[in-house]
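Following: one structure in structure tokens, then a few remarks.
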Amino acid sequence: MTAPHRPASNRIVAAVMAGLLAWTSPLAVRAQPADAPPAPSTPASLSESLTGAAKSAFDQGKLLFEDGDFAGAKLKFDKAYQESKDPRLLWNMAACEKGLRNYGKLLTLLERYLGEGDERVTEEARARAIELRKTIKGFVSELTVTVDQPGAKVSIDGEELGASPLPGPVRVNQTSRVLRVTKAGFAAFEQPLKLEGGAATSVNVTLKKESTQARLRVTAGEGQRIVLDGRDVGTGEWEGHLKPGSHTLQVSAPGMRTFRSEFLLEPNQAKVTRVSLDALPKDSGSSLPWILGGAALLVGLGVGGYFLLKKDDEKKVPDAPGSIPPGQVFLSF
């Protein structure tokens, strides 16, 4: 029996539908162009790909990491990275910073890992790093320090951040910290900071020229005359600035042995002098001063020290422990 005749348009539609079904069918076998790229292969592991000095440093770093020596492990992983430039070692270094709870440095290494990552970093590893970066940002504060003098040393809790001007914001762990800025010829600047994770803090520092003058405080008895370098400065107590160098002090009172002393003041030094005069013997009948009479206590507080004795009762707030979900940071092997 002869097949019914169909219009040409119907035959074209049927051919197109058959082609679409063949292309989308999971059972369809489609020929690949001759120049199609090969399917991506799994990159060789660090243990397989590293050689020579890089491999040796990497193996040592693994041992130190497993032993809990994160600082030592980071040094070894960094050496392996310098030798090989394999970006996966940046992840290992970040794992060490996590163990040390240096979240600011950890975040910087994660961003380098994502930026330098090539075909050796799998999509799964990249996704894991992006997720960890989101978590870590909540423990890190962005600190911007601007100093009016170039070349000043900037530090946080004794850790030097660099010299002014700093290249940009510094990432530091959230907690209460002390900012310190120093430069020769200027008084040291200190300021306590309360840094919050995920927030930015800016500090503008104006350094003041350091005075070379020394400071002296003399405490004597009530009504007792104080003379400094031949100048009468009052009775009972005197406090003020003096030029560095040699000075003379005299304290006197009727019926008391006069006290005389010569002393040396260093630049920026502070001293406290307490004078206690002895009474003259009643039968001496002499009002001549006795150079060795009386007693004085000179207390040097040191260069750059406070003049008045102060008790530092400020206490540092310990770093808040991080709450990073377990299993997010582990070594690449």
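Of note:
- Qualifying residue in the stretch 278-290 (condition: at pLDDT below 85 and within 38 Å of the chain's Cα centre (by Cα)): no
- In the stretch 54-147, counting only helices (runs of 4 or more DSSP H) that sit wholly within it, the ones holding 3 or more residues that are more than 29 Å from Ser202 (Cα to Cα) and open to solvent by less than 30 Å² (accessible area, probe 1.4 Å) span 70-84, 88-100.
- Set side by side, the residues Gly104, Gly99, Gly117 differ, and just one is touching a strand residue (DSSP E or B) at 6+ places or on another chain (Cβ under 8 Å) and at pLDDT below 95, which is Gly104.
The values are calculated or read from the model by the stated rules, or taken from the named source; none is laboratory data. If you're wondering where the values come from, they're calculated on a predicted model, not measured in any experiment. Cβ coordinates were reconstructed from backbone atoms using ideal geometry, including for glycine residues, and neighbour counts include every protein chain displayed. Side chains included, ligands, DNA and RNA excluded: accessible areas come from the protein's heavy atoms. Shrake-Rupley method; radii C 1.70, N 1.55, O 1.52, S 1.80 Å.
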